[in-house]
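> Take this structure, written in structure tokens, and hold onto it; I'll ask about it next.
The values are calculated or read from the model by the stated rules, or taken from the named source; none is laboratory data. It should be emphasised that the depicted structure is a prediction, and the values quoted were computed from it without experimental measurement. Positions of Cβ are backbone-derived with ideal geometry, glycine not excepted, and every protein chain shown enters the neighbour counts. Side chains included, ligands, DNA and RNA excluded: accessible areas come from the protein's heavy atoms. Shrake-Rupley method; radii C 1.70, N 1.55, O 1.52, S 1.80 Å.
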Amino acid sequence: MISVEDKKRFWPFLLTIPLAAASVVGWFILPEELVMQIGVDGRPSSVMPKLFGLLIPPAVGLIGAGIASSTGKEKHLAGFITLAVAAVIAGFTFFMNL
């Protein structure tokens, strides 16, 4: 039988659901090419196809969830920080492309 502690270890993966939902919404409302970086002059310096640009936040989020759900408690904070970075990437992608 799986203990309650083992079940709690996988809760960080629930935080990737909004990242995946944002990617699905972005597929329908964002342009075909996404601005991913802005240069010092304020102009787009890096453009990426929509498919790859929308897969970055969920991929980073899954890595963060994997780290946050590891057995080593000292790694949990790093995993949640990585999940937060994934949310910031998703927000930046929408902000710059809408």
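> Counting only residues that are among the small types (Gly, Ala, Ser), open to solvent by less than 50 Å² (accessible area, probe 1.4 Å) and out of contact with any helix residue (DSSP H, G or I) (no Cβ under 7 Å at 6 or more places or on another chain), which one in the range 71-98 is farthest from residue 30 (Cα to Cα)?
72
> Considering the range 38-69 alone, what residues qualify as being within 19 Å of residue 22 (Cβ to Cβ) and open to solvent by 30 Å² or more (accessible area, probe 1.4 Å)?
Answer for the range 38-69, where residues must be within 19 Å of residue 22 (Cβ to Cβ) and open to solvent by 30 Å² or more (accessible area, probe 1.4 Å): 48, 49, 51, 52, 55, 56, 59, 60, 62, 63.
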